[in-house]
Amino acid sequence: MLNQYPLWKNLLIVLVVLFGALYALPNVYGEDPAIQVSPTRGAKVDSLVRDRVVKALNQAGYAYKRIELGQDRLLVRFADTEVQLKAADRLRAALGRKFVVALNLASAEPAWLRELRAEPMYLGLDLRGGVHFLMEVDMQAALAQAEGRYVDEFRDLLRKHKPPIRYVTIGRHDHAIVARFRKAAARDAAEVVLKKEYPALLFETREGARGPELVARLSEKEQRDIRKTALQQNITTLRNRVNELGVAEPVIQQQGDRRVVVELPGIQDTARAKEILGATATLEFRLVDEQHDAQDVAETGRVPAADELYYTRSGRPVLVKKRVLLTGDYITDAASGFDRDSGGPAVFITLDGKGARLMRRGTRDNVGKLMAVLFIENKVESHLVGGKVVRQKHQVKEVINVARIREQLGKRFQVTGLDSTEEARNLALLLRAGALAAPMEIIEERTVGPSLGKENIALGFKSVVIGFLLVLVFMAVYYRVFGLFADIALGMNLVLIVAVLSLLQATLTMPGIAGIVLTVGMAVDANVLIFERIREELRAGNSPQASIHAGYEKALATIADSNITTLIAAIVLFSFGTGPVKGFAVTLSIGILTSMFTAIMGTRALVNLVYGGRRKVRLAV
């Protein structure tokens, strides 16, 4: 009986190992301190911007390794962080507000690896350094805003009812909307109308000191929906802000029902991170001046007294009226979809009661005219003036959409004239994120310095190496040649773990390294079971070839049982754990799967290669 794999199985093992080595290779090259230049809305990164960057750096005498011009960014690599920090201030001054200049750490892998889409795995906050924020949403303010909207809507609905239902006052009191009437009949009529329009609210009638009252309270479901919406809008807003920082793997995730964790690994400019996260945004709806040519006004600089000149993201000038029809503060919801008439992309917007009145009033006499949507962002930037960091506030305004008013608009209307469904989705996102974001405050801030991250990497690497070497020595001494086979498989296992983490673009943290160390110890368990089984078969008097075959076949069930139970535990950890626990579970799960491949198929292939083709052989096990 000979032990030999078919050719296809040997080729499969070789291909898997080579594939793993290729995609694990980018992690060997390390990182370069870099500056990432990204365009803001309406700007573009091209060869002209590259020339401006080169000129600014040469004039200041800052040496750089190389400049890479990508599709939507420019990356400048440096040899050390000191030059990187100085060059960033220089480029911010040279490029102005149309570009975001962010500090970053870029992989130093060669271009041929990047062309193969081979990228290094991300390092977590504890390994790479960076900043951690725990932010809390003011849910009471979110509920108060919702109650305030209902106050306006109640007033509007009762006034517009045929016949109008007269009330004395409608306002907020003790976490409820209270409407007071002179007569009980008016109150009862209002209750019927409001209950029909707002079935999610809880209504009750009572006799107040000053007359009959109708009290409306938010139901538990409505409160949950408001809290959830406020939290999601804030998360969306934070993601928009973080995109400007150029962070490779930001973590923005919900924690509980009112908190958001923001982790920015690798970021060096923590002050800028706080500024971006604290930026605010809103919207304005204005009529477009179609009597004057915006391009001529942009070229001459002579703007009519009643107008203002703004630009779209593509750089096209738009002349709008100074009078504001509506601001984004009144938007309660926005969703992308398709226009029923034309089938083209559209955004469906919902306003509160006051916003609906303003929109009706503003569009009633302007049907057929163009209306522009302005996105307004308030930012705080830091500049180095006289050796001191000076914070300056400025406002960015741009036109994100121009559409023609088809009819008088009210509480719900749609914006058309968009180029694509993607643009419609983006516009809906901006409308939701820019309006009614509940107040947030940073309740915890933690900065992990790059030096501490390097120390963690060094300690983690040291632990993996020590554990790896001890296992190698033990297996080689105790199982001799078969132990060497297990050592080779263990090295293959480490390479495959790193390759899978890199392919998944997973984030490696200290608990993740602990998972790898544990996997190194567990990976040889399968080989210990197999080799001990082979020894038992030899002691029972079986031939070497039969012992090899029986050792692998009979140990397989035990190996599968032990690894599957560990894998189930890892899946449970990933499902119910958070943050570091998930990192540990991911590396442990990957390590279990790869170790089963290398320990069973990998070592069997090596054993077959050395012993499988000979009938008379003495096993060194």
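So, in the stretch 56-97, exactly how many residues are charged (D, E, K, R), part of a helix (DSSP H, G or I) and at pLDDT 85 or above? Write out each step before concluding.
Of the stretch 56-97, the ones charged (D, E, K, R) are 65-66, 68, 72-73, 77, 80, 82, 86, 89-90, 92, 97.
Checking the rest, the ones that are also part of a helix (DSSP H, G or I) come to 82, 86, 89-90, 92, 97.
Subset that is at pLDDT 85 or above: 86, 90.
The total comes to 2.
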Exclusive hit being within 40 Å of the chain's Cα centre (by Cα) and outside any helix (DSSP H, G or I), set 199, 212: 199
Test: residue 101 is outside the structural domain of residue 459 (by TED's automatic domain parsing) and in contact with a Ser or Thr (Cβ under 9 Å, 6 or more places away or on another chain): yes
Filter result (among the aliphatic types (A, V, I, L, M), in a helix (DSSP H, G or I) and either farther than 15 Å from residue 230 by Cα or not assigned by TED's automatic domain parsing to the domain that holds residue 193 (or both)) within the stretch 144-174: 151, 157, 158
Residue in the stretch 608-619 that is crowded, with 18+ Cβ neighbours inside 10 Å, hydroxyl-bearing (Ser, Thr, Tyr) and modelled with pLDDT of 90 or more present: no
Some residue of the stretch 556-575 being touching a residue at least 40 places away in the same chain (Cβ under 8 Å), more than 30 Å from residue 261 (Cα to Cα) and over 43 Å from the mean Cα position of the chain (by Cα): no
Hits in the stretch 475-487 (condition: touching a residue at least 12 places away in the same chain (Cβ under 8 Å), surrounded by fewer than 17 Cβ atoms within 10 Å (Cβ to Cβ) and not charged (D, E, K, R)): 481
Pick from the stretch 300-315, criterion out of contact with any strand residue (DSSP E or B) (no Cβ under 8 Å at 6 or more places or on another chain) and within 20 Å of residue 44 (Cβ to Cβ), ranking: modelled with the highest pLDDT: 315
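With the condition kept exactly as written, say whether any residue in the stretch 4-27 is out of contact with any helix residue (DSSP H, G or I) (no Cβ under 8 Å at 6 or more places or on another chain) and either among the hydroxyl-bearing types (Ser, Thr, Tyr) or closer than 20 Å to residue 250 by Cβ (or both). Can you show your working first?
Let us first name the residues in the stretch 4-27 that are out of contact with any helix residue (DSSP H, G or I) (no Cβ under 8 Å at 6 or more places or on another chain), namely 6-8, 11-12, 14-15, 18.
Next, from what is left, pick out any that are either among the hydroxyl-bearing types (Ser, Thr, Tyr) or closer than 20 Å to residue 250 by Cβ (or both): none.
No: the stretch 4-27 contains no residue that is out of contact with any helix residue (DSSP H, G or I) (no Cβ under 8 Å at 6 or more places or on another chain) and either among the hydroxyl-bearing types (Ser, Thr, Tyr) or closer than 20 Å to residue 250 by Cβ (or both).
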Among residues of the stretch 351-403, those that are at pLDDT below 80, assigned to a strand (DSSP E or B) and touching a Phe, Trp or Tyr at 6+ places or on another chain (Cβ under 7 Å), counted: 1
Number of the exception - residue 129 against (1) surrounded by fewer than 18 Cβ atoms within 10 Å (Cβ to Cβ); (2) over 24 Å from residue 351 (Cβ atoms); (3) touching a residue at least 40 places away in the same chain (Cβ under 8 Å): (1)
For residue 541: the one exception among (1) more than 25 Å from residue 109 (Cβ to Cβ); (2) touching a helix residue (DSSP H, G or I) at 6+ places or on another chain (Cβ under 9 Å); (3) not acidic (Asp, Glu): (2)
Given (1) crowded, with 16+ Cβ neighbours inside 10 Å; (2) in contact with a Phe, Trp or Tyr (Cβ under 8 Å, 6 or more places away or on another chain), index of the condition residue 516 fails: (2)
Which listed residue, of 205, 169, is within 23 Å of residue 330 (Cβ to Cβ), polar (S, T, N, Q) and over 45 Å from the mean Cα position of the chain (by Cα): 169
Unmet criterion (only one of (1) surrounded by fewer than 20 Cβ atoms within 10 Å (Cβ to Cβ); (2) within 30 Å of residue 260 (Cβ to Cβ); (3) more than 36 Å from the chain's Cα centre (by Cα); (4) modelled with pLDDT of 85 or more) for residue 174: (4)
Checking residue 5 against (1) among the hydroxyl-bearing types (Ser, Thr, Tyr); (2) more than 30 Å from residue 545 (Cβ to Cβ); (3) modelled with pLDDT under 90, the condition it does not meet: (2)
All positions within the stretch 534-555 that are in a helix (DSSP H, G or I), hydrophobic (A, V, I, L, M, F, W, C) and over 20 Å from residue 602 (Cβ atoms): 538, 546
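Taking the conditions exactly as written (modelled with pLDDT of 90 or more, more than 30 Å from residue 259 (Cβ to Cβ) and touching a helix residue (DSSP H, G or I) at 6+ places or on another chain (Cβ under 9 Å)), does residue 521 satisfy them or not? Quick ask: steps written out before the conclusion?
Numbers: modelled with pLDDT of 90 or more: no; more than 30 Å from residue 259 (Cβ to Cβ): yes; touching a helix residue (DSSP H, G or I) at 6+ places or on another chain (Cβ under 9 Å): yes.
No: the conditions fail for residue 521.
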Number of the condition not met by residue 194 [criteria: (1) surrounded by fewer than 21 Cβ atoms within 10 Å (Cβ to Cβ); (2) modelled with pLDDT of 80 or more; (3) over 22 Å from residue 140 (Cα atoms)]: (1)
Any hit, the stretch 580-587, residues being surrounded by fewer than 18 Cβ atoms within 10 Å (Cβ to Cβ), in the same structural domain as residue 466 (by TED's automatic domain parsing) and of a type in the set (Lys, Arg): no
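The values are calculated or read from the model by the stated rules, or taken from the named source; none is laboratory data. Nothing here was measured: the structure is a model prediction, and the numbers come from that model. No Cβ is skipped: glycine too gets one built from the backbone with ideal geometry, and neighbour counts run over all protein chains shown.
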